[in-house]
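**Student:** One structure follows; several queries about it will come next.
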Amino acid sequence: QVQLAESGGGLVQAGGSLRLSCAASGRTFSSYAMGWFRQAPGKEREFVARISWSGGVTYYADSVKGRFTIARDNAKNTVYLQMNSLKPEDTAVYYCAADPLVGGRTRISDFGSWGQGTQVTVSS
């Protein structure tokens, strides 16, 4: 398994931007597809974005398409989530996760390793 640690969360005004980072330990990071999920208070955890091991294929939830961008740097064992045009409804704890298999898998159960999460709060 890979160990994951998110950073970059914080408080931002609506319309602003944040970039989340997820640092991974272990030499096999480049063999994992990576994903971002989020969980708002009182709601279930939901899929946000996914990137293939090579970085060449990405998937997004409809709610963030066109505003968020997922990217990875395998040399730095890091995956990023650039969030632009933030809305109050984007407020949540954001988690990164690793999936050892390929494909457009977006279910929580598809991801075997999780970080501890980072809080993002968007004020109106």
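The values are calculated or read from the model by the stated rules, or taken from the named source; none is laboratory data. Bear in mind the structure is a predicted one, so any value in this text is a computation, not a measurement. Every residue, glycine among them, receives a Cβ derived from its backbone with ideal geometry; neighbour counts consider all protein chains shown. The accessibility values were calculated without ligands, DNA or RNA, using every heavy atom of the protein model including side chains. Shrake-Rupley method; radii C 1.70, N 1.55, O 1.52, S 1.80 Å.
**Student:** Taking S30, is it open to solvent by 30 Å² or more (accessible area, probe 1.4 Å) and in a helix (DSSP H, G or I)?
**Tutor:** Yes, satisfied.
**Student:** Another question, then. In region 34-46, what count of residues is obtained for those that are surrounded by 13 or more Cβ atoms within 10 Å (Cβ to Cβ) and more than 11 Å from the chain's Cα centre (by Cα)?
**Tutor:** The number of residues fulfilling the criteria is 3.
**Student:** Same structure again: Just the residues that are surrounded by fewer than 20 Cβ atoms within 10 Å (Cβ to Cβ), hydrophobic (A, V, I, L, M, F, W, C) and more than 17 Å from F29 (Cβ to Cβ), please, taken from region 75-108.
**Tutor:** The answer is V93, I108.
**Student:** Filter region 65-117 down to the residues that are under 21 Å from G42 (Cβ atoms) and polar (S, T, N, Q) and list them by number.
**Tutor:** Across region 65-117, the qualifying residues are T91, Q116.
**Student:** Consider A49 carefully, then state whether it is closer than 19 Å to F111 by Cβ and either modelled with pLDDT under 95 or buried (at least 18 other Cβ atoms within 10 Å of the Cβ) (or both).
**Tutor:** For A49, the condition - closer than 19 Å to F111 by Cβ and either modelled with pLDDT under 95 or buried (at least 18 other Cβ atoms within 10 Å of the Cβ) (or both) - is met.
**Student:** Which residues, counting only those in region 68-86, are in a loop (DSSP other than H, G, I, E, B) and in contact with a strand residue (DSSP E or B) (Cβ under 6 Å, 6 or more places away or on another chain)?
**Tutor:** N77, L86
**Student:** Within region 50-67, count every residue that is touching a residue at least 24 places away in the same chain (Cβ under 8 Å) and in a strand (DSSP E or B).
**Tutor:** 3
**Student:** Here's a check for you: in region 9-21, which residue that is open to solvent by less than 40 Å² (accessible area, probe 1.4 Å) and under 13 Å from the mean Cα position of the chain (by Cα) is farthest from G115 (Cα to Cα)?
**Tutor:** Within region 9-21, the match that is farthest from G115 (Cα to Cα) is L18.
**Student:** Okay, moving on. May I ask you to verify whether A24 is open to solvent by less than 30 Å² (accessible area, probe 1.4 Å), of a type outside the set (D, E, K, R), touching a Ser or Thr at 6+ places or on another chain (Cβ under 9 Å) and not in a loop (DSSP other than H, G, I, E, B)?
**Tutor:** So A24 fits the description; yes.
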